[in-house]
Amino acid sequence: MTQSTKVTEQVQKLEVDTIIELIQIDVIGTNTTLYITSGALNGSTFSFGGNTYSPIPFEARGFEVSGKGQMPRPVIKVANTNNIFSGLVSNFDDLVGSEIRRIRTLYRFLDNQPDADATATFPIDVFVVERKLTHNKLLVELELSAAIDQEDRKLPGRQVIRETCTHRYRSYDSEAGAFVYTNATCPYVASSYFTNLGVATGDPSRDMCGKRLSDCKRRFGNNAVLPTRAFPGTGKY
């Protein structure tokens, strides 16, 4: 994903807002996603894109990408707070194959802030766990690799579909009266609702995405950087 135009505008100012670093870990073989951040704000958790991030100290390095040489092999060190990571690496084969997303945004774009916007991010880094380097009572250290930098990996990694986005859209829980983002990958969190036919509605329970480029434009605007996973520029054969 490319850098948000809102982030670009902010970082060009003389005074830049606090950069917030977030980590999402999709634990392989489960429907569990762990959301962590390197520090709490005002001593508490916070949310971004409808997901709550818990403060667990971590250090991430080696994400820089250059046009020369091998693909980067980042390393992430996570404090073994409450033995959470010990349990994960012990029960899920050292987390090998789990997808890790590193998201960086600005404080002003977090949920509940005046400028809250889940699409306002720096380029999102997506890697998978290659191997465990260290595991002790203090920390767990993991080496990551790019999604395409895998042994026996074949390209393309997924189908190139021209008209249909493969994002998982949010769902609405009628009993709770709120949207559920647990398994959603689409970053849309606004309160404008559309049916799967692209018709505006005031009923949040009817909010469904038709997966077309036009549906993405209705939600994010014609001039925005669209997060669609479709390939509208692909020719028909």
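The relative contact order of the chain, computed from alpha carbon pairs under 8 Å that lie at least 6 residues apart in sequence, is 18 percent. Remark: the SER54-ALA190 segment gains 46.7 nm on full extension, using 0.36 nm per residue and subtracting the alpha carbon distance. Computing FRET efficiency as 1/(1 + (r/R0)^6) for LYS217 and SER174, where r is the C-beta to C-beta distance and R0 is 25 Å, gives about 0.35.
Using the alpha-carbon positions of the range 184-225, Rg (one decimal) and Dmax (whole number) come out as 9.7, 27 Å. Each principal axis of the Cα cloud of the chain was evaluated for its coordinate range; sorted largest first, these ranges are 54, 50, 45 Å. In the full protein context, the chain carries 58 Å² of accessible surface per residue, based on a 1.4 Å probe and ignoring ligands, DNA and RNA. Taking the charge dipole of the chain about its Cα centre, with +1 at Lys and Arg Cβ atoms and -1 at Asp and Glu Cβ atoms, the residue from THR32, PHE48, ALA146 reaching farthest to the positive side is ALA146. A Förster distance of 22 Å, applied to the separation of the beta-carbon atoms of PHE231 and THR8, puts the FRET efficiency at 0.35. Need one number: % antiparallel among DSSP beta bridges in the chain, to the nearest 5. Roughly 95 percent of the DSSP beta bridges within the chain come out antiparallel. Just the number, please: carbon plus sulfur as a percent of the accessible area of the range 89-152, 1.4 Å probe, no ligands or DNA/RNA counted. Exposed carbon and sulfur together represent 43 percent of the surface. Could you compute the net charge surrounding CYS209? Neighbours are other residues with a C-beta less than 11 Å from the C-beta of CYS209; K and R count +1, D and E count -1. Once positives and negatives cancel, what remains is +4. In the chain, helices alone account for a calculated mean residue ellipticity at 222 nm of -2500 deg cm²/dmol, with every DSSP H run of four or more residues adding -39,500 (n - 2.57).
Spin-label model, ASN31 to ASP93: label points 7 Å out along the Cα-to-beta-carbon direction sit 2.1 nm apart.
Packing-based ranking of 196-202, 7-13 yields 7-13, 196-202, ordered from highest to lowest mean Cβ neighbour count within 10 Å. Using the Cβ-Cβ distance between HIS135 and THR182 with R0 set to 45 Å, the FRET efficiency from 1/(1 + (r/R0)^6) comes to roughly 0.95. With K and R counted +1 and D and E -1, the other residues having a Cβ less than 11 Å from that of ALA230 yield a net charge of +2. Total lysine pairs in the chain at Cα distances under 19 Å, for residues eight or more apart or on different chains: 4.
Could you work out the local net charge near THR32, counting Lys and Arg as +1, Asp and Glu as -1, over the other residues with Cβ closer than 13 Å to its Cβ? Net local charge, THR32 excluded: -2.
Computed over protein heavy atoms with a 1.4 Å probe, the carbon and sulfur contribution to the accessible area of the range 165-237 reaches 50%.
The values are calculated or read from the model by the stated rules, or taken from the named source; none is laboratory data. All values derive from a computational prediction rather than experimental measurement. Glycine gets a Cβ as well: all are built from the backbone with ideal geometry, and neighbour counts include every protein chain shown. Quick note on the areas: whole protein, heavy atoms, side chains included, nothing else; ligands and nucleic acids left out. Shrake-Rupley method; radii C 1.70, N 1.55, O 1.52, S 1.80 Å.
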